[in-house]
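The structure under discussion appears below in the form of structure tokens.
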Amino acid sequence: MRRLLVFCKEPAPGKVKTRLAATIGPESAESLAWALLRDTWRLARLAANASGARLELHHSPPQTGPRFRALIAELGCEAHPQPPGSLGERLSAGLNPDEGTRIALGSDSPDLPAVQIIEAFERLAPSSALASPAPDGGYVLLGLGPGVPAEALASPAIRWSSPYTLDDTQAALGRAGVAWLPPLAGWQDVDVIEDLWGLAGRLQEAPESAPATAAWIRAERNRLPAQGSSSGC
């Protein structure tokens, strides 16, 4: 079985995009998170349909509010609450059991080309893994082939949200006997204002790749710091 899992937080002021919120404010960060989630689900659905994969949304916190539940119903999501624990423990729980090919996505790379996900499904062989690296040392996509023990992701040696996340993940999976495949093309997630500027530039050329986020940028553009500005708002 092929599974495509989107991991997300329920958008709420002060709970999502906290580094970006320091620049654009918590309310704008929340509204952006809603747009990012819509577009990520859209691209994930395209890739899942093309790859014959089961599509799942894994959310935190486990108990969600009415707006989030309404979005789940609108999008037709198969929703699963994430258990308590570290990010690695939550990823491990969602990606188990280890039957079939599993791909995990975050919800903050809304214009990731669906072809990258499709390619990952085709490349993943038993006991192998791959990723699409992000410039900050993490990754926007992690794929595990059949038989790969997701428990390795719960290793306390993985320094999450750091410049070492990808290297630590590769090392943890290597200790579990997993072969690391050549990476997919790198892509950018949206954590800080510079990431948002980069996304805005890409969507100016191709707004159809993330329509909800492109609409958010158009609506918020006059309230965002100018590119190259170091001042917050």
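Details
- About its Cα centre, the dipole of the chain is roughly 340 debye, where the only charges are +1 on Lys and Arg Cβ and -1 on Asp and Glu Cβ.
- Evaluating kT/(6 pi eta Rh) at 25 °C and 0.890 mPa s, with the Kirkwood radius of segment 147-227 over Cα pairs in the Stokes-Einstein relation, gives 158 µm² s⁻¹.
- Considering only Cα atoms, the convex hull volume of segment 9-89 works out to 109 Å³ per residue.
- Note on segment 23-151: Cα-only Rg and Dmax are 14.9, 44 Å.
- Note on segment 79-233: Kirkwood radius taken over Cα pairs, Stokes-Einstein applied at 37 °C and 0.692 mPa s, translational D equal to 195 µm² s⁻¹.
- The calculated P(r) of segment 52-104, using every Cα pair and 5 Å bins from 0, goes 4, 17, 27, 22, 18, 10, 2 in percent.
- Reciprocal mean inverse distance between Cα atoms of segment 4-56 - Kirkwood radius, Å: 11.9
- Helix 66-75 axis, angle to the chain major axis (alpha carbon atoms, nearest 10°): 70
- Two-site FRET efficiency, ASN222 against ASP167, from Cβ-Cβ distance with R₀ of 41 Å, rounded to 0.05: 0.55
- Residue-count net charge about PRO61 - beta-carbon cut-off 12 Å; Lys, Arg +1, Asp, Glu -1: +2
- Using alpha-carbon coordinates, inclination of helix 193-205 to the longest axis of the chain, degrees: 90
- Here the peptides 137-145, 213-221, 58-66, 112-120 are ranked by packing, the mean other Cβ count within 10 Å, and the order with the highest first is 137-145, 112-120, 213-221, 58-66.
- The overall shape of segment 132-192, judged from the alpha-carbon gyration tensor, is oblate: a/c is not under 1.5, and a/b is no greater than b/c.
Where a number appears in this text, it was derived from the coordinates with a stated rule and is not lab data. None of these values were measured; they are calculated from a predicted model. Ideal geometry is used to build each Cβ from the backbone, glycine not excepted, and the neighbour counts take in all protein chains shown.
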